[in-house]
Amino acid sequence: MAPQKGQIKAGQASGMKQTDIGVFFGLKPLKKKEKEPESGPNELNATSVQRLGENSGQRQQKGVRQRKSKAATDTSHGSVAVDNSKAQAEPGKGRTRGWGGKRWTRRNADGEVELPRCPFYKKIPGTKFTIDAFQYGEIQGITAYFLTHFHSDHYGGLTKNSTLPIYCNRITGNLVKSKLRIAEQYVHILPMNTPVTMEGVTVTLLEANHCPGAAMLLFLLPDGQTVLHTGDFRADPSMETYPELLSCRVQTLYLDTTYCSPEHTFPRQQEVINFAANTAFELVTLNPRTLVVCGSYSVGKEKVFLALAEVLGSKVCLSRDKYNIMCCLESEQIKQRITTDLKAAQVHVLPMMHLSFKKLQDYLARFSGKYDQLAAFKPTGWTFSQKVESVEDIQPHINGNISIYGVPYSEHSSFLEMKRFVQWLQPLKIIPTVNNGSWASRKAMEKCFSEWLSEAKANTN
């Protein structure tokens, strides 16, 4: 039975903080609290909020003409928004951005490409705000464009020439400026766990337990309605202690439904991290000439390779690009752990696509004087098999002196974690933000939501 909100005692602050590396990355907490950097010229706080762009309607992204037809509006009611568009994806079988129908290039009478219409589920009703909606260009009536985290399926559409007012936290802002080269004047930094008022709407960013900089967005509207947008998140019981969530009743929940299907049950994140760390320690203890490799994306999987380095007492070797990304996290503890020197670390991070026997064999050959065995960890939830019910069931794929461990590590909620979070929060309405491209998928999710909420209600009576 999922715990009820009234049964959890509020803490002094949200459980997982962006700078709390001991919690967020699975490392030992710092003995001395690091001094937070002072607010920059573009950082917003609770008492000083920069006025939103009144002239945003006059901006046009270079080379693209924005369609002028009226944006789609939310006319649905009940626990989940539904329309009758053509089927596009099966539940839990991949991410779809559109709300039904196939994509095609639209052109106007002059032959210019028109951007697709922003779907209603990327807008917050009663506000002039959108969430992760940059691929739709400048949207009529919108004054603030929120970015939940720095993954390409969320910031897609942004370029170095973008002039849209972007609102995000410091880590994501650092990544936007560093990687996309967007001018600082357009990147507005919001503090974590601190209410900020924007156009009469109170906005609070909360830790999403997804990737570095990922944030959930909590909106308190002028009419008293409360909206929570999870962005991409991995639900965790510590979220049930967030004072910001304990002190309100969420009416509408925009939910990351990446794994909203019963077959997606996998071990808790920390269990998988511990498995990878313990396995690496055993392998290196048996053969000190073992090179440990971890797969990663541009941003993501940091908890795993930092835990590997911690348990082995080693540095982590990163590509120059990945190294620069990690520096955007503004953590001295992490900076001391990472390097670009291949010879200075026993843990190397490679792109996920390089974790094949042929490529790893070639990679190991480069270090034949120091290592004669390679153990690779491929942390991704997408390869998880239903047959693996716990980390003890994980078996490596072995070819000669190369071992590849496919570990069920995900930065999205499992089906059961999502269920627990929804049953604890008990929102009045749930809008799925992933895998919502077909009527069949949305109906399947609606059924889950209804069953979860009915069960939670029965348990409270």
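Suppose R0 equals 35 Å. What FRET efficiency, 1/(1 + (r/R0)^6) with r the Cβ-Cβ distance, do Asn399 and Arg268 give to the nearest 0.05? Working from the Cβ atoms, E equals 0.70.
Ranking Lys335, Lys359, Lys123 by solvent-accessible area of protein heavy atoms (1.4 Å probe, all protein chains present), from largest to smallest, gives Lys359, Lys335, Lys123. Near the amide H of Val316, within less than 5 Å, lie the amide hydrogens of Ile338, Thr339, all on another chain or at least 5 residues away, with H placed in the peptide plane. Under 5 Å from the amide H of Ala144 lie the amide H atoms of Thr130, each residue being 5 or more positions distant or on a separate chain, with H modelled from the backbone and absent for Pro and chain starts.
In a simple Cβ point-charge model (Lys, Arg +1; Asp, Glu -1; nothing else charged), region 388-461 has a dipole of about 500 debye relative to its Cα centre. Residue-wise HN-Hα couplings along region 149-166, as the Karplus relation 6.51 cos²θ - 1.76 cosθ + 1.60 with θ = phi - 60° gives them from phi, are 6, 9, 10, 4, 6, 10, 9, x, x, 7, 9, 5, 8, 5, 10, 5, x, 9 Hz; Gly and Pro carry x.
Taking 0.36 nm per residue of separation and subtracting the Cα-Cα distance, full extension of the segment from Thr340 to Asn161 would add 61.4 nm. Surface listing: Glu451, Glu282, Glu263, Glu417 arranged by accessible area from highest to lowest gives Glu282, Glu451, Glu263, Glu417, probe 1.4 Å. Specify which residue in the list Phe281, Thr258, Leu218 is farthest towards the positive end of the charge dipole of region 167-326, using unit charges on the beta carbon of Lys, Arg (+1) and Asp, Glu (-1), about the Cα centre. Selected residue: Phe281. Beyond 20 Å in Cα-Cα separation lie the following of the pairs Lys419/Lys457; Lys122/Lys457; Lys429/Lys457: Lys122/Lys457. Karplus-based coupling profile of region 268-281, in residue order and whole Hz: 5, 4, 5, 4, 5, 4, 5, 4, 4, 5, 5, 5, 4, 4, with θ = phi - 60° in 6.51 cos²θ - 1.76 cosθ + 1.60 and x standing for Gly or Pro.
Shown is the FRET efficiency for Leu428 and Phe357, computed with R0 = 45 Å from the Cβ-Cβ distance and rounded to the nearest 0.05: 0.30. For the pair Glu455 and Leu416, label points projected 7 Å from Cα toward Cβ lie 1.1 nm apart.
A simple spin-label model places pseudo-atoms 7 Å from Cα toward Cβ; at Phe367 and Ser238 they are separated by 3.0 nm.
If you stretched the chain out fully between Asn287 and Gln140, how much longer would it get, using 0.36 nm times the residue separation minus the C-alpha to C-alpha distance?
Contour length minus Cα-Cα distance gives 46.8 nm.
Accessible surface ranking for Lys160, Lys370, 1.4 angstrom probe, highest first: Lys160, Lys370.
Label reach from Asn278 (point 7 Å along Cα→C-beta): in region 406-444, amide nitrogens under 19 Å belong to 406-410.
Rolling a 1.4 Å probe over the protein heavy atoms leaves Trp452 with an accessible area of roughly 10 Å².
The values are calculated or read from the model by the stated rules, or taken from the named source; none is laboratory data. In this text the structure is predicted, and so the values were computed from the model without any measurement. Reconstructed Cβ throughout: ideal geometry from the backbone, glycine too, with neighbour counts over all protein chains shown. Note: accessible area is taken over every heavy atom of the protein model, side chains too, but ligands, DNA and RNA are not part of it. Shrake-Rupley method; radii C 1.70, N 1.55, O 1.52, S 1.80 Å.
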